[in-house]
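These notes concern the structure reproduced below.
The values are calculated or read from the model by the stated rules, or taken from the named source; none is laboratory data. Given the structure is predicted, the values throughout are model-derived calculations rather than measurements. For neighbour counting, all protein chains shown are included, and Cβ atoms are generated from backbone atoms with ideal geometry for every residue, glycine included. Side chains included, ligands, DNA and RNA excluded: accessible areas come from the protein's heavy atoms. Shrake-Rupley method; radii C 1.70, N 1.55, O 1.52, S 1.80 Å.
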Amino acid sequence: MNDYLLSVILGVVEGLTEFLPVSSTAHLRISEALLHLDLGSAYWKMYTIVIQLGAILTLPIYFRERIAKFIGYERGNTPLILVPFKTLKCLILAMLRRGPVQLTIIAFVVTAIPAFLMTKIIGKHLESLYIIGSALLIGGIVMWFVDARNAKAEAAGEGAKGGIVHTWHMEDMSLRQAVWIGACQILSAVFPGTSRSMSTIAGGQLAGMSRASALEFSFFLSIPTMVVATCYDLLKSVVGKHGDGISVSHIDGHGWIVLGIGFVVSFVVAYGSVAWFMSWVRRRGFTPFAIYRIILGVVVLYFASRMG
């Protein structure tokens, strides 16, 4: 297959699945099998990281107004050259006071430390279709159960008394909820196929958050989580431990074009995916995604058993 077309296909897969609760890792692994690719090679490892960076860039742009509100940033008459410094100052101050930014960082730390300590386990599981298929299946069942459990409260709407949902806006979430969601996110780091979005959304709903607030916090939590994890993976891909990394100087013009296409396609598709997903969830919930995960998990487990 033409490398440019292949880059478009993989960029679309990454952009569509990165923020939906269906696991981008699982879909890239399945794409590898269907397209007969060796995504374990140094170049393609770097490629998957680059297209993930394209998807990540979606979030600070899409949520720029919400982020500015949370950190208390107002442009005013600030000269353009000083904007980055003012933004950094506002961000640091927001991290020091109770609010969504501080809770996001706390949840990230709860996830990051155990996930980093278990990198060897993570690497081993990445190669297993059985783990991916099982995580898709089990995660789908959990998501279906949790969303069905909260459906009545969601239908009653904000202000209804005696419901399971008691946190309707991300601004109102508690420290306990942030810590719990961060702990739930560890599952997606250890077991590829679980989906970071699924674990944080379902975890938020179990902690009493509405679909919309759990989803929004999932997006915000993914910014530091994905930036740190992706940059760490990119560094490993470039440096390598036993000469298995790839030097930037070894990538020719063709390789850079393939990377650029994947990055741009992933960003554009991810932006549309986030906008659509926010609208969909408020109206219809997560059940269709749960059903899709269950079906895909069964299919992956079937083919994994045939291949074994």
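Would you check which residues across the range 1-19 are open to solvent by 20 Å² or more (accessible area, probe 1.4 Å), modelled with pLDDT of 85 or more and aliphatic (A, V, I, L, M) and list them?
LEU5, VAL8, ILE9, VAL12, VAL13, LEU16
Kindly indicate whether LEU88 is open to solvent by less than 40 Å² (accessible area, probe 1.4 Å), in a helix (DSSP H, G or I) and either within 30 Å of GLY193 (Cβ to Cβ) or not hydroxyl-bearing (Ser, Thr, Tyr) (or both).
no
Report, by residue number, each residue of the range 20-33 that is β-branched (Val, Ile, Thr) and open to solvent by 20 Å² or more (accessible area, probe 1.4 Å).
Those that are β-branched (Val, Ile, Thr) and open to solvent by 20 Å² or more (accessible area, probe 1.4 Å): THR25, ILE30.
Each row is one residue, and each column tells you yes or no for (1) surrounded by 14 or more Cβ atoms within 10 Å (Cβ to Cβ); (2) farther than 21 Å from ILE106 by Cβ; (3) in contact with a Leu (Cβ under 9 Å, 6 or more places away or on another chain).
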{"site": "ALA153", "(1), (2), (3)": "yes, yes, no"}
{"site": "THR167", "(1), (2), (3)": "yes, no, no"}
{"site": "MET170", "(1), (2), (3)": "yes, no, yes"}
{"site": "VAL190", "(1), (2), (3)": "yes, no, no"}
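For the range 282-308, give me each residue that is assigned to a helix (DSSP H, G or I), over 21 Å from VAL13 (Cβ atoms) and open to solvent by less than 60 Å² (accessible area, probe 1.4 Å).
Across the range 282-308, the qualifying residue is only THR287.
Here are the criteria: (1) surrounded by 12 or more Cβ atoms within 10 Å (Cβ to Cβ); (2) in a helix (DSSP H, G or I); (3) not acidic (Asp, Glu). Tell me which single one THR78 does not satisfy.
Every condition holds for THR78 apart from (2).
Go through the range 111-157 residue by residue and tally those that are of a type in the set (Asp, Glu) and modelled with pLDDT under 85. It would help to see each step written out before you state the result.
Kept after step one, since they are of a type in the set (Asp, Glu), are these residues of the range 111-157: 127, 147, 154.
Still in the list and also modelled with pLDDT under 85: 127, 154.
Within the range 111-157, residues that are of a type in the set (Asp, Glu) and modelled with pLDDT under 85 number 2.
Report yes if ILE61 is open to solvent by 80 Å² or more (accessible area, probe 1.4 Å), part of a helix (DSSP H, G or I) and either at negative phi or touching a residue at least 12 places away in the same chain (Cβ under 8 Å) (or both), otherwise no.
No; evaluated as a whole, the condition is false for this residue.
Of the residues in the range 172-190, how many are modelled with pLDDT under 90, over 12 Å from the mean Cα position of the chain (by Cα) and farther than 12 Å from VAL142 by Cβ?
Total meeting the criteria: 2.
State which residue is modelled with the lowest pLDDT when the search covers only the range 247-268 and only residues that are in a loop (DSSP other than H, G, I, E, B) and open to solvent by 20 Å² or more (accessible area, probe 1.4 Å).
SER247
Any idea which residue in the range 34-52 is nearest to TYR271 (Cα to Cα), counting only those that are in contact (Cβ under 8 Å) with a residue 12 or more places away in the chain and open to solvent by 50 Å² or more (accessible area, probe 1.4 Å)?
Among residues in the range 34-52 that are in contact (Cβ under 8 Å) with a residue 12 or more places away in the chain and open to solvent by 50 Å² or more (accessible area, probe 1.4 Å), the one nearest to TYR271 (Cα to Cα) is LYS45.
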